[in-house]
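Input: a single structure, listed below in structure tokens.
The values are calculated or read from the model by the stated rules, or taken from the named source; none is laboratory data. Since the structure is predicted, the reported quantities are computational estimates derived from the model, not experimental observations. Please note: Cβ atoms are built from the backbone with ideal geometry, for glycine as well, and neighbour counts cover all protein chains shown.
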Amino acid sequence: MKTLLSVLVFSFGIAASVMAGMPVNAECPISGKPIRLIFRSKYKDQVIAFCCADCKDKFDKSPSSYASHVKVAAKQP
Ligand SMILES: [Zn+2]
């Protein structure tokens, strides 16, 4: 019973973080590596995440040239 409760709390936590601006992509648009959630930028109302601070810097300097590289990850059901 206790386990079920913590699973519910955990799922609720995920839902809350999605609303708090989770990135649309799972791969860094600059390097193609997996993203890390601490490196994020907002572009056209979308949150885009990067693998490292360098990639975020590159994107921030010219977002329009990298926006087409952003692969929007499939939404989880
Ligand atoms: Zn990077």
Checklist line | Output for the range 39-62, where each listed residue is in a helix (DSSP H, G or I) and either within 12 Å of the ligand (Cβ to nearest atom) or touching a residue at least 60 places away in the same chain (Cβ under 8 Å) (or both) | finding: Ala53, Asp54, Cys55, Lys56, Asp57, Lys58, Phe59
Notebook entry, point to check: Among the residues of the range 63-77, which ones are surrounded by 18 or more Cβ atoms within 10 Å (Cβ to Cβ) and part of a helix (DSSP H, G or I)?
Noted result: Tyr66
Notebook entry, point to check: Residues in the range 21-30: is at least one within 12 Å of the ligand (Cβ to nearest atom), of a type in the set (D, E, K, R), at pLDDT 95 or above and loosely packed, with under 15 Cβ neighbours inside 10 Å?
Noted result: no
Note to self: I need the full set of residues from the range 64-77 which are under 14 Å from Glu27 (Cβ atoms) and within 13 Å of the chain's Cα centre (by Cα), in order please.
What the structure shows: Val70, Lys71, Val72, Ala73, Ala74
Item checked: In the range 44-63, the residues that are modelled with pLDDT under 95 and over 12 Å from the mean Cα position of the chain (by Cα) -> Lys44, Asp45
